[in-house]
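The structure appears below as structure tokens.
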Amino acid sequence: MPDFRPLINYIIDQVNQQGGDIGRTALTKLVYLIDVEHYRRHGKQATELRWQFHHYGPFAAELQSDIQSLGLYADEEQFSGKSGNRQVSGYSYRRTGDWREIQGAFNACYDRSAKQCVDKVVEQWGLESLPTILDYVYFETEPMQDVKRGDLLDFSKIQPESIIPQNTAKLKFSDEFVKDMRQRLKERREKRENDSKKARKATAPRYDDVYYAACKVMQAEESPIYFRPGTKVKGPNED
């Protein structure tokens, strides 16, 4: 089975260079979009992955073992929380190691046409929010049209680059599928907004004995003229 880590690490590296990081779900979907882009341009996928409609989107079992091993090759940060009534968890990644080695390993496995597709997808989607990526993947890529959970995705549905349909959003899905996916995307969006609000909340300062002791030391070092031996710095409950 091919080793997909050079591709995965290259994607992480390129996203990091744009100033972002990437989670496991978005990473999987970007690899899928790379295969879609490569097939649209060249009539074949960039990888040998077998994509399946698994739960709520394109999934390739062969890719997951390499993603799960990323802790050895990337800075892996785990998160957990709730989205609506559901418990959710995942990982986000940042590059570790020398970028030259990462790009060298990638170039040894993939040709120039594949690199062009990867660079285009990462430039377009690397910093997009996960709900935006999912919305595009689910509703605007041809292999996801008229499929049921468990089906293998048919890349031959993809229109060649010269005749890309003007409005791929008109792909047909059942009302039940659309309702289900809209709810999932709404929950993901709400979770990201809640997490962002929590991250922006400032921590209240602690005015304890350690704080006032530090004030004395800093004042003694920085203002020796105004802070002489015997001078007392008052605490919060002192008059």
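What are the ³J(HN,Hα) values, in whole Hz, obtained from phi via the Karplus relation 6.51 cos²θ - 1.76 cosθ + 1.60 with θ = phi - 60°, for each residue of segment 152-159 in sequence order, with x given for Gly and Pro?
Per residue, the Karplus-derived 3J(HN,Hα) values read 6, 7, 9, 6, 5, 6, 5, 6 Hz.
In what order do 132, 25, 47, 141 fall by count of nearby beta-carbon atoms within 10 Å, going from fewest to most?
Going from least to most buried by this count: 132, 25, 47, 141.
Within a 10 angstrom radius of the beta carbon, how do 35, 21 rank from fewest other beta carbons to most?
Working: 35 27, 21 18.
Ranking 35, 21 by Cβ neighbours within 10 Å, fewest first, gives 21, 35.
Whose amide H sits under 5 Å from the amide H of residue 22, counting only residues 5 or more places off or on another chain, with H placed in the peptide plane?
Excluding prolines and chain starts, which carry no amide H, the hits are 93.
Bear in mind these aren't lab numbers, they're just calculated from the coordinates by the rules spelled out. Model, not experiment: these values are computed from the prediction. Counting neighbours? That spans all protein chains shown, and the Cβs are built from the backbone with ideal geometry, glycine included.
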